[in-house]
1. List every residue pair whose Cβ atoms sit under 8 Å apart, with the two residues 6 or more apart in sequence or on different chains, where the first one lies in the stretch 59-75 and is without any contact (Cβ under 8 Å) to a residue 40 or more places away in the chain and charged (D, E, K, R) and the second, anywhere, is assigned to a helix (DSSP H, G or I) and open to solvent by 10 Å² or more (accessible area, probe 1.4 Å).
2. What do you reckon, is Ala149 in contact with a Leu (Cβ under 7 Å, 6 or more places away or on another chain), more than 30 Å from Arg56 (Cβ to Cβ) and in a helix (DSSP H, G or I)?
3. Kindly indicate whether any position in the stretch 124-142 is touching a residue at least 40 places away in the same chain (Cβ under 8 Å), on the phi < 0 side of the Ramachandran plot and open to solvent by 60 Å² or more (accessible area, probe 1.4 Å).
4. Please determine whether any residue of the stretch 74-93 is open to solvent by less than 70 Å² (accessible area, probe 1.4 Å), small (Gly, Ala, Ser) and touching a helix residue (DSSP H, G or I) at 6+ places or on another chain (Cβ under 9 Å).
5. So, in the stretch 33-73, exactly how many residues are open to solvent by 40 Å² or more (accessible area, probe 1.4 Å) and within 10 Å of the chain's Cα centre (by Cα)?
6. Go through the stretch 100-145 and report how many residues are among the β-branched types (Val, Ile, Thr), assigned to a helix (DSSP H, G or I) and within 21 Å of Leu85 (Cβ to Cβ).
7. Select from the stretch 99-120 the residues that are surrounded by 15 or more Cβ atoms within 10 Å (Cβ to Cβ) and among the β-branched types (Val, Ile, Thr) and write down the one among them that is farthest from Gly67 (Cα to Cα).
Amino acid sequence: MIDAALWAAAAITPDPAPWWGVPMVAGSFLLGGAVLGFLFNRANDKRKAKLEADIRWHELVRTLTAGILAHSPRLYDLAQYNYELDGEGFDDSVPAKARANKAVADEKASMYDKANEIAIIAPASLSRAVFQYVSDVNLSIQPSAKVAAKGIAGQLESRRIMLQEVRKYLGLSPDFFR
């Protein structure tokens, strides 16, 4: 009977915890916390990098489209001056006429450069709208009055569409210009 009592007492009394149990539990919590901290920081850094990239691209698209819109009146004025010189009978051998011709070509090249930069970074719908606007601006400075009138009429609509696409790309309400 004594053996049964000792056996019952031994069965009820738990074994003491091993000496390595507490450091192992603490270490596993420490390791788990470090892994979770790393994962949360990595996710936060990715979100932050994406936000900064979006801000950078949005700023670039805003700057480029504003530049394209600024080229239109300058190009129109330069082309008008160039056509006036044509009407007076000047050709490219006259320095003023050669400068006017070069100014028109430089302004068009700068506008097309900006449009090409947008095509690289912007969605296809925005790129199409930008190139339609640039095409209409180019038509509006043609010497033929009929072609120029068609370009000017198309330019108003394509400008509205381009601005809608830019606003949509930037996350703004695109129906602002209806």
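The values are calculated or read from the model by the stated rules, or taken from the named source; none is laboratory data. All figures in this text were calculated on a predicted structure; none of them were measured in a lab. Note: ideal-geometry Cβ built from the backbone for every residue, glycine included; neighbour counts use all protein chains shown. Only protein heavy atoms, including side chains, enter the accessible area calculation; ligands, DNA and RNA are left aside. Shrake-Rupley method; radii C 1.70, N 1.55, O 1.52, S 1.80 Å.
1. Partner pairs satisfying both residue conditions: Arg74/Glu107.
2. No: the conditions fail for Ala149.
3. Looking through the stretch 124-142, none of the residues is touching a residue at least 40 places away in the same chain (Cβ under 8 Å), on the phi < 0 side of the Ramachandran plot and open to solvent by 60 Å² or more (accessible area, probe 1.4 Å).
4. Checking the stretch 74-93: at least one residue is open to solvent by less than 70 Å² (accessible area, probe 1.4 Å), small (Gly, Ala, Ser) and touching a helix residue (DSSP H, G or I) at 6+ places or on another chain (Cβ under 9 Å).
5. 8
6. Of the residues in the stretch 100-145, 2 are among the β-branched types (Val, Ile, Thr), assigned to a helix (DSSP H, G or I) and within 21 Å of Leu85 (Cβ to Cβ).
7. Per the criteria, the residue is Val104.
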